[in-house]
Amino acid sequence: MQLVVNLIVAIAAHRASGSLLRGFQDLQDYNFDDEKAPVHNLQDDVKFILYTREGPKEGELIINSYEVLKKSHFAPTRSTKFVIHGFQSSGYSDTCQEIKDKYLELYDYNIFVVDWSKISGNLIYFIPATSTRQVGEYFASLIDLLITHGADANDIHLIGHSLGAHISGFAGEYSSVNVSRITGLDPAFPSFGMIQLSNGRLSYHQAKFVDVIHTAAGTFGLMDAIGHADFYPNGGVMSQPGCNGITDFTAACSHGKSWQYFKESIDTNVKFASYKCNSLDDFSRGCQMVNPVYMGDHLDRKARGIFYLKTMPEVPYVINN
Ligand SMILES: *[C@@H]1O[C@H](CO)[C@@H](O)[C@H](O)[C@H]1NC(C)=O
């Protein structure tokens with residue numbers, strides 16, 4: 001019975017959001033330029049920029065073509081990381097650039113930044129949000145190209161912030177292989193929160209291992225545990241330490257902490273010890289202060305469940321016990 005009710009609600013909501021979306025589209029078509037219409041020309045709207053230690057500093061634009069890939073500095077023998085930004089952001093944002101720089105400082109990897117700013121820049125949030133599946137599917141075709149040309153699926157890690165987390169999920173879902181890992185950095189909540197209303201979202205079915213860091217749960221970020229391992233630093237909600245007042249008025253500061261913690265974790269010396277507890281209170285009372293797992297890039301892939309930890313308000317965020 002509940003299922004039927006949900007289904008009816010879902011269909012009604014889908015119709016409603018469909019016409020809402022069409023309304024927005026019309027608005028766009030008439031009042032703004034046609035190029036921003038939500039039927040995307042993905043080849044133009046989504047860019048893959050490859051960064052390597054020996055390649056050009058400004059990166060190399062990779063399109064879905066073997067010829068282009070072959071001429072680039074991509075090396076299938078290296079591990080490959082993808083970084084995907086969120087709403088109102090771009091491949092040149094601090095999120096993508098700082099994570100990429102940290103990796104290349106420490107490791108000889110292929111780092112792809114996925115720039116979908118032509119879509120994510122649309123202020124009408126519904127349009128970028130409902131486009132994540134399309135963008136993810138297109139992104140999957142690049143992953144398939146890498147696999148066809150020697151990359152190992154076990155060495156592919158997608159790291160997505162906000163709406164980029166859901167794009168990573170869809171890319172995992174559409175790629176012909178099960179990618180090794182997806183890390184969701186405060187996966188976006190709005191319009192993904194109510195599963196009936198959404199066109200899917202990041203889930204632990206979309207890669208061999210899915211880990212999630214929640215920092216603005218219930219506002220910009222999702223509260224639900226959706227990965228194999230979900231981390232709730234400082235309880236996972238706004239305001240994260242160091243965020244308050246006007247800087248966190250819209251939870252933007254807290255939402256950003258997810259990628260900042262992740263970036264710091266790329267250094268193996270940084271150990272964000274996290275514990276399987278029932279809540280942050282439980283954590284503060286010293287629940288199971290044994291067998292920590294370490295949140296972030298070097299997380300043990302056997303980690304399962306919900307983990308809590310605390311951080312410092314400023315860099316370095318890690319608390320060393
Ligand atoms: C990929 O791995 C996940 C986690 O083990 C699993 O749930 C999912 O079914 C796998 N997908 C495919 C297509 O094999």
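List of remarks:
- Per-residue ellipticity at 222 nm, computed for the chain from helices alone with -39500 (n - 2.57) per DSSP H run of at least four residues, works out to -11000 deg cm²/dmol.
- Looking at region 50-101, the pairs of alpha carbons with a distance over 16 Å make up 47% of the total.
- All-pairs alpha carbon distance profile, region 107-222, 10 Å steps from 0, percent: 15, 48, 30, 7, 0
- Membrane-span-like helices in the chain, defined here as complete DSSP H runs extending at least 27 Å along the helix axis by their C-alpha atoms with mean Kyte-Doolittle hydropathy no lower than -1.0, are 2-31, 126-148; this is a sequence and geometry rule, not a statement about a membrane.
- Here the 3J(HN,Hα) profile of region 43-54, calculated from phi with Karplus coefficients 6.51, -1.76 and 1.60 at θ = phi - 60°, is 4, 8, 8, 10, 10, 10, 10, 9, 10, 9, 5, 9 Hz, Gly and Pro shown as x.
- Rounded if a/c under 1.5, otherwise prolate or oblate - region 39-309, Cα gyration tensor axes: prolate
- Packing rank of 238-245, 60-67, 95-102, where each peptide gets the mean count of other beta carbons within 10 Å, highest leading: 95-102, 238-245, 60-67
- By the beta carbon rule, with partners counted only under 4.7 Å, the chain holds these lone Cys residues: Cys96.
- Cβ-based net charge around Gly256, under 12 Å, with every Lys or Arg adding one and every Asp or Glu removing one: -2
Read the figures in this text as sums done on the coordinates, not as results from a lab. Predicted, not measured: the structure shown is a model, and the values here were computed from it. In this analysis, Cβ positions are derived from the backbone assuming ideal geometry, glycine residues included, and neighbour counts consider all displayed protein chains.
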